[in-house]
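Each reported figure results from applying straightforward, stated rules to the coordinates on display, with no laboratory input. In this text, all values refer to a predicted model and were calculated from it rather than measured experimentally. FYI the Cβ positions are ideal-geometry reconstructions off the backbone, even for glycines, and counts take in every protein chain you see.
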Amino acid sequence: MKIGVLALQGAFREHEKSLKSCGAETCQIRLPEHLEDIDALVIPGGESTTMIRLLLEYGLLDKIKERAEKGMPIFGTCAGMVLLSKKVEDSDQITLKLMDTVVKRNAFGRQVNSFEADLDIEMFDTPYRGVFIRAPYIVSVGQGVEVLAKYQDKIVMVKQGNFLASAFHPELTEDNRIHKYFLSMI
């Protein structure tokens, strides 16, 4: 199994480390041709408006959408969750529009308001420690979107078909259950 990790900015190296610890082969995605021989894609956190600008500049946006529409699984964390959404609340920001969700960017506050919290995640028997850094949350979900976790009644993890998204950063913990779960979706 070969998993591409979008390597334009953000914690892509940490995602690669987590995926490798689960037995997956990884590669860094920076150009459209890098998407051709992967089984799935991870879109890490970072700054979503910068990431969109780079996706457009390097011709990756349409290629990712094309692969996704053909069934390629995608996991987006933090800014990656924003990019997977159909809409960003109070913004005309371009997104991939792959998940029927509306997100609010930086919803828990600025960098100084970053925090960790134990989360009850649908498919796990024990709590998962979520790391939230300038995190978004999901304001609303459409039909077919499964809510997997909430924090203080805010939706912070969802699944829709081949797409998985979290507002928090599983790559910044030693707990690789979420990465294993994503690999099980492929």
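How would you classify segment 2-184 from its alpha-carbon gyration tensor, with a ≥ b ≥ c the square roots of the eigenvalues: rounded for a/c under 1.5, else prolate if a/b is greater than b/c, otherwise oblate?
Note, shape of segment 2-184 comes out rounded.
Quick check for me: using +1 on Lys/Arg Cβ and -1 on Asp/Glu Cβ, what's the dipole size of the chain about its Cα centre, in debye to the nearest 20?
Computed about the Cα centre, the dipole is about 260 debye.
Expressed as a rounded percentage, what relative contact order does the chain have, with Cα pairs under 8 Å and six or more residues apart?
20 percent
Where does the chain land at 222 nm, in deg cm²/dmol rounded to the nearest 500, when only DSSP H runs of n ≥ 4 count, each adding -39500 (n - 2.57), divided by all residues?
The helix-only estimate for the chain comes to -6500 deg cm²/dmol at 222 nm.
Among residues other than K2 whose Cβ falls under 15 Å from its Cβ, what is the net charge (Lys/Arg +1, Asp/Glu -1)?
For residues surrounding K2, the net value is -4.
Give K65/K87; K2/K87; K20/K63; K65/K97 a once-over and call out the pairs whose C-alpha atoms are over 20 Å from each other.
In this structure, K2/K87; K20/K63 exceed 20 Å between Cα atoms.
Based on DSSP loop calls and a cut-off of at most 14 other Cβ atoms within 10 Å, the longest stretch of the chain free of exposed GluC sites (Glu not before Pro) is what?
The longest uninterrupted stretch comes out as 37-121.
For segment 2-184, what proportion of DSSP beta bridges, expressed in % and rounded to the nearest 5, is antiparallel?
50 percent
Can you list residues whose amide H is under 5 Å from L148's amide H, if they're 5+ apart or on another chain and H is modeled 1.01 Å from N?
M157, V158, K159
Taking loop as defined by DSSP and a crowding limit of 10 other beta carbons within 10 Å, which trypsin sites (Lys or Arg not before Pro) in segment 68-103 fit?
K70
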